[in-house]
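Below is one structure; the comments refer to it alone.
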Amino acid sequence: MQPITCVEDLREIARHKVPRMFFEYAESGSYAEETLHANRRDLKAILFRQKILVDVSKRSTATKIVGKQVAVPLVLAPVGLCGMQRGNGEILAAKAAAKAGIPFCLSTMSVCSIEDVAEDVKEPFWFQLYVMRDRRFAASLIERAAAAKCSALVLTVDLQVLGQRHRDIKNGLSVPPKMKIANLVDIATKPAWVVSVLGAKRRTFGNIVGRVEGVADTGSLGEWIQGQFDPALNWADVKWIRSTWKGPLILKGILEVDDAKLAVEHGADAIVVSNHGGRQLDGAPSSISALPKVAEAVGNKVEVMFDGGVRSGQDVMRALALGAKACMIGRAYIYGLGARGEEGVGEAIGFIRRELETTMALTGVNQISEIGPQVIVK
């Protein structure tokens, strides 16, 4: 077996270990995937200024995210169906994040529930909220997150309607999944994955099944989900959530300056410049192209994070140079999870941290706070 040296190596392993319908669920974007590819293309186009003969012997990737000390400016982003990449996937990822000294954010659409993760992971984690039409259910999720001592609430604001992902439809990924012969044959060739999922605590959406009246199994869940994403979601809902949630509130899915300013006005503690990994509005600008103007517009009024195409420490450096204080990674750690479970997630984090540290050295930077536009070619 060849040595594993980077996130791309983990991706290749995961591609062979995880059933295609679930691997491509995490990998794919919406429609023609233009925005998905723009995220990576525009990041890679940013070049660094090499700086020589600077003492960089005391480098540190430590910083703070929403007031909490972290070992590296990274957050494991909320990813739905994490537990279908590996059994108990959310728990494994949360444990790896805790060991690495960074936050993990649990998705509303997770397999393991808020309570499952809280039971198995000692460190506080973040919770990501989708506001459904059933506001009582949304309120109950906030209450459960508070009871689990979640240390931040991430409100995703760019999924009032669902962008179509062609690969999911072709693979039969729905609720419940359409188990075509090709899917069954594919799963049969992944015995380690089958064992991990069969031995897991859950195999459906743990935050929802049994928590909503009339939703007791996967069949009834499908009907409920189809009608729950709410096109009426608006700033009044943010105001309501801000009044309900007492901890740090983070709004994820902001690309426009005006929206960033409204987030500040509505009491957000942080925002995430994000296009949902290219999974929603296809044809939207890349996250990195939107970052500088948003960061400049809000200044120090709110903490700015970045999400969209990060696969390396170099990508983290690029985002920090353009105004972000930290980055979220989704697919990068999902590849590690699918490839090698908790160990793989830790490896993905470790690769990115070491790449960031090396990039800091070669651009003449010792501290995260020193990273700015001076490290990139204009």
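Nothing in this text is a laboratory measurement; each read-out follows from the coordinates by a stated rule. Remember, it's a predicted structure, so these values are computed and weren't measured experimentally. Every residue, glycine among them, receives a Cβ derived from its backbone with ideal geometry; neighbour counts consider all protein chains shown.
So what's the gap between the Cα centers of region 233-256 and region 123-183, to the nearest angstrom? Region 233-256 and region 123-183 have Cα centres spaced 16 Å from each other. Based on DSSP H segments of at least four residues, each scored -39500 (n - 2.57), the chain has a per-residue ellipticity at 222 nm of -13000 deg cm²/dmol. Report note on the peptides 36-43, 240-247: ranked by the mean count of other C-beta atoms within 10 Å, highest first, their order is 36-43, 240-247.
Cross-link partners of Lys178 among lysines, defined as those whose alpha carbon lies under 23 angstrom from its own and excluding same-chain residues fewer than eight positions apart: Lys17, Lys170, Lys190, Lys201.
If you look at the Cα atoms of region 178-243, you get an Rg and a Dmax of 17.5, 50 Å. Of all DSSP beta bridges confined to region 7-375, the antiparallel ones make up roughly 15%. Considering only the Cα atoms of region 232-330, their convex hull presents on average a projected area of 6.5 nm². Arranged from fewest to most other beta-carbon atoms within 10 Å of their beta carbon, Arg86, Arg340, Arg279 become Arg340, Arg279, Arg86. Computed extension gain for Glu34 through Thr358, at 0.36 nm per residue and net of the alpha carbon distance, reaches 113.5 nm.
Straight-line cross-link partners of Lys51 among the aspartates and glutamates, defined as a Cα under 20 Å from its Cα and at least 8 positions apart when in the same chain: Asp315, Glu355, Glu357, Glu370. Checking the Cα-Cα distances for Lys301/Lys378; Lys261/Lys325; Lys58/Lys95 against a 19 Å cut-off, the pairs over it are Lys301/Lys378; Lys58/Lys95. Once you have all Cα-Cα distances for region 90-171, histogram them in 5 Å bins from zero and send the whole-percent values. In order of increasing distance, the bins hold 3, 15, 23, 21, 15, 12, 9, 2 percent. Among 44-57, 90-103, 365-378, the peptide with the highest mean count of other Cβ atoms within 10 Å heads the list, and the full ranking is 90-103, 365-378, 44-57.
In the list [x] 4, 17, 20, 17, 12, 10, 8, 6, 4, 1, 0, 0; [y] 5, 24, 36, 25, 8, 1, 0; [z] 5, 22, 31, 24, 13, 4, 0, the label attached to P(r) over Cα pairs in 10 Å bins from 0, in percent as derived from the coordinates here is [y]. Neighbours of Lys252, meaning other residues whose beta-carbon lies under 11 angstrom from its beta-carbon, give a summed charge of -2 when Lys and Arg score +1 and Asp and Glu score -1. Could you work out the local net charge near Ala236, counting Lys and Arg as +1, Asp and Glu as -1, over the other residues with Cβ closer than 14 Å to its Cβ? Result for the neighbourhood of Ala236: 0.
Beyond 12 Å, how much of the Cα-Cα pair distribution for region 37-80 remains, as a whole percent? Cα-Cα pairs of region 37-80 separated by over 12 Å account for 77 percent.
Relative contact order of the chain, taken over Cα pairs closer than 8 Å and 6 or more residues apart, is 29 percent.
Is any residue of region 1-44 close enough, with backbone N under 13 Å, to a label point placed 7 angstrom from the Cα of Leu184 along the Cα-Cβ axis, and if so, which? Taking a point 7 Å out along Cα→Cβ of Leu184, no residue of region 1-44 has its backbone N under 13 Å. Neighbours of Val197 by Cβ distance under 10 Å: Lys/Arg scored +1, Asp/Glu scored -1, total +4.
For region 124-231, applying the loop criterion from DSSP together with a ceiling of 11 other beta carbons within 10 Å to the GluC sites (Glu not before Pro) yields Glu213.
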